[in-house]
1. Among LYS311/LYS332; LYS50/LYS177; LYS293/LYS414; LYS50/LYS293, which pairs are too far apart, with a Cα-Cα distance over 21 Å?
2. Gain in length, GLU29 to ILE427, computed as 0.36 nm per residue apart minus the alpha-carbon separation, to one decimal in nm?
3. So, counting K/R as plus one and D/E as minus one, what does the shell of residues with Cβ under 13 Å around TRP117 add up to?
4. Just to confirm my numbers, what's the Cα centroid distance between region 52-127 and region 160-192 in Å?
5. Once the piece of chain linking TYR87 and LYS215 is laid out straight, how much longer is it, given 0.36 nm per residue of separation minus the C-alpha distance between them?
6. DSSP loop GluC sites (Glu not before Pro) in region 266-359 with at most 12 other Cβ atoms within 10 Å of their Cβ, which ones?
7. Full-extension gain between ASN298 and LEU319, please, as 0.36 nm times their residue separation minus the C-alpha to C-alpha distance.
8. Residue by residue through region 77-82, what is 3J(HN,Hα) from phi via Karplus (6.51 cos²θ - 1.76 cosθ + 1.60, θ = phi - 60°)? Round to whole Hz and write x for glycine and proline.
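Computed from the coordinates by the stated procedures, all read-outs in this text should not be read as laboratory data. Since we're looking at a predicted model, the values are computed, not measured. Quick reminder, even Gly has a Cβ in these numbers, built from the backbone with ideal geometry, and neighbours come from all protein chains shown.
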Amino acid sequence: MNNIEAAAEQLDKLYESMNVDNVSGIMNESESDVPLSENITRNKYLYTIKIVSAENLTAQDVNGLSDPYCVLTDEKGQILAQTRVQYETLNPRWEEAFDITLEFSDQDYRKLLVTVWDKDQVGSDDVCGKAYIYLDRRYFTDSRPNDVYLDLNPQGRVQLRVSMEDEKDDPRFYFGKAFRTLKRARDDMTRTIVDRISPFLKQCLSRDVINKLLKPAGFAGIFEQKKRDLTDRNIEEAIDALFDYFDENLMILNSNLHLEVFKSVISRIWKEIVNTIELIIIPPLSDRQSDMKSLSDNELMIVLKWLQFLKQYLYADGLGVQSDILENQKYKEISKIDKLYHMETENLMQEYLNNQIIGSLDVKKGSLSASKSVLHQRNLGTIKKRKSEKRQKNDRQDNGEIILRILRMRAGNKTKAFLKQQVEERIKKSTTNASSLKPVPEN
């Protein structure tokens with residue numbers, strides 16, 4: 001990881017020493033005199049495919065769960081991308097992005113197979129589901145990410161995020177590819193570290209720990225089950241094992257990693273903490289009602305206290321993670337969730353509709369821009385700028401998804417119908433249903 005960071009710094013120095021922006025400007029001005037290669041500009045395209053998540057997969061193991069991973073293959077069966085394994089889940093979340101260069105000959109589209117497999121320790125892996133996606137170069141034309149939902153056969157659904165840009169005879173483009181390759185490699189290694197930490201993190205931050213805190217085991221617990229007055233120290237002591245674990249392991253990482261790499265790892269750990277806390281409070285987004293029960297006021301208070309304690313720990317009086325990273329969009333949503341969490345169902349549905357009206361007005365005022373294109377990541381400066389813009393954009397997002405996830409825990413046919421309708425409308429507004437996306441006909 002340290003070598004990757006050093007390589008990125010050297011690449012950034014090379015970018016500056018070559019004055020790449022100026023060279024690209026001169027090349028673009030003389031484009032009419034020196035035509036670009038037709039093979040590159042017309043037949044070769046760079047697709048960025050992020051394999052985000054899957055839901056409602058078939059259970060392949062005796063415990064009623066699966067160990068899923070996702071594979072993307074071309075028409076000849078060649079593997080183009082493969083995610084890591086998510087263990088013991090039917091609703092995996094991979095969040096892994098891949099750059100894939102595809103060549104087009106006579107046809108304007110490529111047909112790729114998406115397969116979700118169940119990893120077996122003994123014997124061959126089992127198929128959880130399959131789906132095809134058509135990548136038409138005339139459809140994906142602007143570098144903007146398109147959310148794609150594919151219905152799997154025989155069951156389930158997988159979410160991809162796809163963007164495309166044509167390869168260019170431009171040094172900024174190739175510097176961008178190099179920077180993004182290094183960044184992805186560092187992100188993969190960071191993810192490996194966090195995956196090692198995650199099981200213990202989820203064991204310490206769980207509903208079981210909340211139950212033990214509120215209802216101590218043994219004879220004394222019989223008299224305390226109705227109500228137990230908890231101090232902040234009681235609540236913090238319940239996750240002391242996690243603080244001890246961080247004290248030991250973060251010190252090792254800090255001693256061995258480049259400072260920027262260490263910051264990246266800590267930021268990813270914080271995201272994992274926030275995601276874990278969020279999934280204790282509410283289920284993932286879906287158009288189906290959930291069996292998950294809402295937390296009581298006391299239980300919700302404990303979880304939100306844990307979030308604050310862990311934030312203070314990582315902030316370390318200004319010496320640790322920066323506050324703008326800790327106070328990301330998801331953190332802000334969770335911190336304010338108590339205002340929505342126990343709201344009456346009718347009021348909550350009306351709040352969602354009001355939220356959508358305000359959100360639609362904001363969209364009309366704003367303008368769309370290409371996201372995560374290669375040219376936007378051509379050096380360290382542009383990468384940092386894009387991250388800052390992303391954080392500012394997230395500050396303007398609404399609470400619509402949070403409300404729908406809360407509604408998943410509410411009973412009733414009216415809630416069921418509302419949830420299904422609103423989730424479907426949400427998907428239609430922001431996604432492409434690529435299972436029905438066929439090649440665009442010639443004019």
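1. In this structure, LYS50/LYS293 lie more than 21 Å apart at Cα.
2. Extra length available between GLU29 and ILE427 comes to 139.1 nm.
3. Around TRP117, the surrounding residues sum to -3.
4. Rounded to whole Å, the Cα centres lie 21 Å apart.
5. Here the segment from TYR87 to LYS215 would lengthen by 43.1 nm.
6. Of the GluC sites (Glu not before Pro), the ones in loops of region 266-359 whose Cβ has at most 12 other Cβ atoms within 10 Å are GLU344.
7. Extra length available between ASN298 and LEU319 comes to 4.4 nm.
8. The phi angles translate into x, 6, 6, 9, 7, 8 Hz.
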